[in-house]
Amino acid sequence: MERATRRRVTAGLAVLILITAGASYWYWYYESLSPVDAVYQTVITISTVGFTELVEFTEATRLVTIAVILLGAGTTAYTLTALFEHFADDRIAAAWRRRMERSSKQMSNHLIVCGYGRIGSRLAREAAKQGDVVVVDNDPEHIEEAEAAGLTVIRGDGTDEEALDAAGVGAAAVLVAALSSDADNLYIVMASRARNPGLRIVSRCHSERASARLRQAGADRVINPEEMGANRMLAFATRPNVSEFLDVMLHDHDVEFELDEVQVEAEGVKREKVTPAGIRRMTGAVPLALVDNGSYRTQPGDDEVIAAGMTIIALGTKQQIRALRRQVDPEGEHKREMQEAGWPRVV
């Protein structure tokens with residue numbers, strides 16, 4: 001039962017008990033009825049069933065009876081209305097949850113956020129600008145906030161494997177474990193990795209020890225918010241212009257240029273030799289670095305051959321980045337164009 005409805009029902013029942021106790025005492029003390037007859041007289045008065053008085057009432061008692069009828073009937077109606085709304089809301093909420101679960105199970109290539117707290121809520125709202133997002137949380141306030149933001153919500157604990165399945169973890173592209181407990185995040189990472197080996201998993205943590213365990217469990221990236229925040233503050237303090245530039249490139253969706261990463265697939269290198277100079281000439285995007293087996297090579301030479309399996313970090317307009325994807329990952333870009341509601345959304 002929701003908190004507001006619980007308060008209304010509790011208040012209504014409390015007032016009914018007070019009215020019943022007060023009226024019963026009056027009938028017992030002033031009309032000399034037995035305790036059972038006094039309660040019986042009170043109940044038939046509040047329920048307005050139309051039975052006659054057990055004794056001839058005095059004028060004062062009749063005035064009290066009128067007040068009992070008005071207050072008791074009104075309070076009873078108020079309490080019953082609150083209970084009816086509760087059951088009706090429960091049915092509506094259950095139907096809505098089933099709809100959410102069907103919607104999430106039909107998604108593919110989406111992002112799942114486990115935990116809609118301070119970090120998860122901001123992350124989910126920003127991510128929703130780029131593609132489909134499913135939130136997994138069991139806190140009523142968090143659920144209400146997420147639904148108000150227009151997000152698909154699965155009511156459940158992120159550590160519950162049924163909740164992960166309902167969120168479509170098997171077909172998701174990215175999962176973020178943003179719970180406040182390192183142990184809970186560890187379980188989410190292990191369960192998600194077992195269900196989707198190709199899933200990209202980003203997890204929150206609070207200590208170096210937990211970070212190592214999360215990586216061993218299958219997390220691709222582990223973030224310590226306190227450490228990340230301190231590093232960003234130091235960067236803005238020591239290199240404000242560089243930090244501002246990167247912030248705008250990564251987070252401002254209205255800026256003309258953007259930084260992005262593109263995976264090089266085998267189909268993209270079969271047709272011709274791919275080089276940084278060729279990429280600039282064919283697409284207009286500027287390769288800033290190459291990622292090969294986890295190592296970074298910045299400022300790649302114009303004649304350096306780019307092989308399948310590498311990742312290109314490039315700067316360019318949205319159109320130039322899309323042209324780069326068509327060049328080095330034609331099949332993947334075609335899929336992205338066919339799934340514009342996926343993660344991330346093609347713009």
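The values are calculated or read from the model by the stated rules, or taken from the named source; none is laboratory data. Here the structure is a predicted model, which means the values were calculated and not measured. Cβ atoms come from the backbone with ideal geometry, glycine included; neighbour counts cover every protein chain shown. These accessible areas exclude ligands, DNA and RNA; they are computed on the full protein's heavy atoms, side chains included. Shrake-Rupley method; radii C 1.70, N 1.55, O 1.52, S 1.80 Å.
Please enumerate the residues belonging to segment 1-45 that are among the small types (Gly, Ala, Ser) and closer than 25 Å to Ala82 by Cα.
Ala4, Ala11, Gly12, Ala14, Ala21, Gly22, Ala23
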May I ask you to list pairs of residues, at least six apart or on different chains, whose Cβ atoms are under 8 Å apart, with the first in segment 208-235 being farther than 17 Å from Val176 by Cα and without any contact (Cβ under 8 Å) to a residue 40 or more places away in the chain and the second being of a type in the set (Val, Ile, Thr) and part of a helix (DSSP H, G or I)? Ala235/Val242
In segment 3-50, the residues that are more than 20 Å from Ala77 (Cβ to Cβ) and part of a loop (DSSP other than H, G, I, E, B): Glu31, Ser32, Leu33, Ser34
Residues of segment 123-182 being open to solvent by 60 Å² or more (accessible area, probe 1.4 Å) and of a type in the set (Ser, Thr, Tyr), which ones? Ser180
Please count how many residues of segment 10-55 are surrounded by 14 or more Cβ atoms within 10 Å (Cβ to Cβ) and modelled with pLDDT under 80. 2
Do we have Ala219 as in contact with a strand residue (DSSP E or B) (Cβ under 9 Å, 6 or more places away or on another chain), assigned to a loop (DSSP other than H, G, I, E, B), at pLDDT 85 or above and open to solvent by less than 90 Å² (accessible area, probe 1.4 Å) here? yes
Return the pair list, or none, for Cβ contacts closer than 6 Å from residues in segment 159-184 that are on the phi < 0 side of the Ramachandran plot to residues that are hydroxyl-bearing (Ser, Thr, Tyr) and open to solvent by less than 10 Å² (accessible area, probe 1.4 Å), at least 6 apart or on different chains. Ala167/Ser104; Val169/Ser192; Leu175/Ser192; Ala177/Ser203
Could you name every one of the strands (runs of 3 or more DSSP E) located completely within segment 143-205 that has at least 1 residues being at pLDDT below 90? 152-155
